[in-house]
Amino acid sequence: MLLLAYRNLVHRPLRSLLTIAGLAVAVAVLACLTAFGHGYRRGLQAELDRMGQQMMLVPLGCPYDAAARVLKGKSLENSLPESALQEARRDPAVAVAAPLLIAVALPSRAPAARGVSAPGRADMWVGLDESALALKPWWRAIAGEKWFSKDDSVILGCAAAEVEMRSPGDLLYSPETGQRLSVAGVLERSGTSDDSLFFVPLRTAQRMFNQPGRLTAIAIRLRDPALLRAASERLQRIPGAQVVTLTEMMGTFLNLVGAVRTLLLSLALVAIAVSVLSVFNTLLAAVVERADELSVMRAIGASRWQIIGLITTEALLLTGAGSVVGIGLTLLLGGAIEDVARRFVPLAPTEALLSLSGPILLECVAIGVAVGLVAGLYPAWRASRLQPAQALKAE
């Protein structure tokens, strides 16, 4: 029966290929969306856990946008008074309060020279003090020192060092700020935003960007995570500052991504519904075209259940092939889809966004096969109702 079903399908190759292609696209979209949901949640949780902090103090405004920009190494329009740092450090629940000043050096139109930061590119500078090391377990130097030897030192992320072509001991001149700095070290690649940043002592950054006594944010680790709520209530009273817990921020981003994912999943379900109709149309047309053939089979002794089994087998072959091709498309194009998705995802983690696991792939194949069973019910029933006498009429 399997061989006969296969021959019936390849007898009409164009119709079968179009049906398989439609189902393959629907299965691929469904697999990508399911894998994206799992991968984003896992990657975001790992990214936040790796940061070693439970909350941030950011300037008044949109707290989640501010926290996301700080975590990705981007500057803010507003700033915090440095007095907020002292108040945070006095809180009994705070173990580490690390100040950050993040600023962008706008590109210069002057030509680059040896020892001068490359023109035409906006460099991101971060001022910090030694307390930040407690929140950066990945902070290791592959060359030079991992901390500043003097006030006019700069530590480069590995990507920034490659672009600037600098190594420890070299001079780095920032024409945008007029600051001459000595490269103290180059950081080991971490897969975080640190890789492309320029790090300087906090006081140096405040002087370079004319921000005396100002901070972009304060990263906070608590002595006990169970103290999160009480500490948040106290820190929220600091003038000019607001508290963002990373747990709340993660929930906000997951809700945002979940809403978009629900919309896209609805589109995927519509595509699957269209695939059901496509398989249904293909099988029904085949039954109508082969009515005489099926009647002859009934006349020579084939039972109704054997006819139902034949049409159902054809449906399963169609949808099985479509599901396998769809999984193949997912594996082949998953990387390109992830690259596009990263541009639109808030706080995209450095880990893979598409978490393609065995259970997810099996689930999508099972849905594809279920499409075949549903779509083949009526054509199989109609084929089984053909009368053997119809074969004699054809003669």
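The values are calculated or read from the model by the stated rules, or taken from the named source; none is laboratory data. If you're wondering where the values come from, they're calculated on a predicted model, not measured in any experiment. Cβ sites come from the backbone with ideal geometry, for glycine too, and all protein chains shown count toward neighbours.
Here are some notes:
- The stretch 161-195, residues that are more than 17 Å from Pro137 (Cα to Cα), modelled with pLDDT under 90 and of a type in the set (Gly, Ala, Ser): Ser174, Gly178
- The number of residues in the stretch 372-395 that are surrounded by 19 or more Cβ atoms within 10 Å (Cβ to Cβ) and modelled with pLDDT under 80 comes to 3.
- Odd one out for Gly301, checked against (1) outside any helix (DSSP H, G or I); (2) on the phi < 0 side of the Ramachandran plot; (3) surrounded by fewer than 19 Cβ atoms within 10 Å (Cβ to Cβ); (4) modelled with pLDDT under 85: (2)
- Matching residues in the stretch 201-216 - criterion: being under 21 Å from Glu145 (Cβ atoms) and touching a helix residue (DSSP H, G or I) at 6+ places or on another chain (Cβ under 7 Å): none
- In the set Leu222, Leu181, Leu171, Leu235, only one residue is hydrophobic (A, V, I, L, M, F, W, C), surrounded by 17 or more Cβ atoms within 10 Å (Cβ to Cβ), in contact (Cβ under 8 Å) with a residue 24 or more places away in the chain and under 18 Å from Asp123 (Cα atoms); that residue is Leu181.
- From the options Gly358, Gly368, residue that is closer than 15 Å to Ala26 by Cα and at pLDDT below 85: Gly368
- Check on Leu202, loosely packed, with under 15 Cβ neighbours inside 10 Å, modelled with pLDDT of 90 or more and over 27 Å from the mean Cα position of the chain (by Cα): no
- Single condition Gly322 does not satisfy, out of (1) surrounded by fewer than 21 Cβ atoms within 10 Å (Cβ to Cβ); (2) modelled with pLDDT of 85 or more: (1)
- Among residues of the stretch 119-150 being over 29 Å from the mean Cα position of the chain (by Cα) and at pLDDT below 90, the one that is surrounded by the most Cβ atoms within 10 Å (Cβ to Cβ) is Lys146.
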